[in-house]
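Where a number appears in this text, it was derived from the coordinates with a stated rule and is not lab data. Fair warning: this is a prediction, and the values are worked out from it, not measured in the lab. Here the Cβ positions follow ideal geometry from the backbone for every residue, glycine too, while neighbour counts run over all protein chains shown.
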Amino acid sequence: GVKGLVSVREPGVMRRRFLVDFFAEGGAAVRADDAHHLARVLRARPGQVFELSDGTSVWLAKVSRVERDRVEFLLIEPAAASELPLDVTVLLSIFRFARLEWALEKATELGAGVVWPMAAARSERALVEAAPKRTARWEKIVHEAAEQSRRVAPPRILEPARPADAFRETAAEVKLLLSERRDTPPIERFRPAARPGSVALAFGPEGGWVDEELAAAREAGFQEASLGPLVLRAETAVIAALSVVLCTWAGT
């Protein structure tokens with residue numbers, strides 16, 4: 001740790017974690033909404049200890065200065081920086097924003113590393129056209145969810161694309177397209193014998209996939225998988241599929 005400071009590790013203590021842009025010269029600073037939350041809601045004071053992550057490593061850090069839009073820290077010592085042992089990409093067709101944004105939050109909590117919005121054939125055109133303007137809001141949502149769930153970094157949100165392009169450009173060891181079509185094999189059947197390094201999960205819009213999208217997915221190496229006999233809303237399917245991956249495949 002930083003010279004002259006003793007360890008502040010306490011067994012069983014779960015400290016709040018905040019994301020910063022970078023560490024520099026034994027210190028770091030939290031700005032904007034996070035600074036407001038620290039100063040106004042948590043009433044942070046010099047000497048209090050929190051966890052900070054720059055997206056790569058995590059440090060215990062002591063508050064050194066509190067301002068309205070900036071809270072400064074001194075780094076103390078490295079802290080545990082655990083993430084899921086596999087990379088998960090979520091290809092998410094654009095649907096009603098309130099539900100989509102809830103899905104973004106939960107996908108972050110469940111370990112997604114990349115989220116790729118898709119302008120599917122059955123996505124509403126008005127939503128597709130408005131999606132690029134929502135990027136800043138979506139990044140804020142995953143930022144806050146990553147802090148809450150003690151992630152090292154939030155997922156990356158890519159620019160919206162057509163499903164065929166996203167399917168073709170997605171590289172993963174296991175690629176699954178969630179489908180509600182009858183006779184689709186259950187997702188459990190695709191669990192590999194050994195833990196994969198990467199998984200891609202594609203979710204359709206309200207109304208489901210069209211034949212051209214299914215064909216493009218198959219051509220790109222995706223296999224259709226089912227989450228059971230019930231028809232789930234897209235945001236529910238995201239949670240169900242990621243839960244399977246988190247609870248079973250990640251520990252394979």
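Tabulated values for the structure
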{"quantity": "Anisotropy class of segment 96-235 from Cα gyration tensor, a/c 1.5 cut", "calculated": "oblate"}
{"quantity": "Linear extension gain, residue 98 paired with residue 80, 0.36 nm per residue minus alpha-carbon span", "calculated": "3.1 nm"}
{"quantity": "Extension gain, residue 135 back to residue 68 (0.36 nm per residue minus Cα-Cα distance, nm)", "calculated": "21.5 nm"}
{"quantity": "Relative contact order [Cα under 8 Å, 6+ residues apart], the chain, whole percent", "calculated": "19"}
{"quantity": "Per-pair calculated FRET efficiency, R0 = 35 Å: residue 183 and residue 156 via Cβ, rounded to 0.05", "calculated": "0.50"}
{"quantity": "Cβ-Cβ FRET estimate between residue 21 and residue 195, R0 fixed at 41 Å, reported to 0.05", "calculated": "0.80"}
{"quantity": "FRET efficiency, 1/(1 + (r/R0)^6) with R0 22 Å, evaluated for residue 211 and residue 169 via beta carbons", "calculated": "0.55"}
{"quantity": "Acute angle (nearest 10 degrees) that the helix 234-247 long axis makes with the longest principal axis of the chain, alpha-carbon atoms", "calculated": "70"}
{"quantity": "Between 0 and 90°, nearest 10: helix 97-109 axis offset from the chain longest Cα axis", "calculated": "60"}
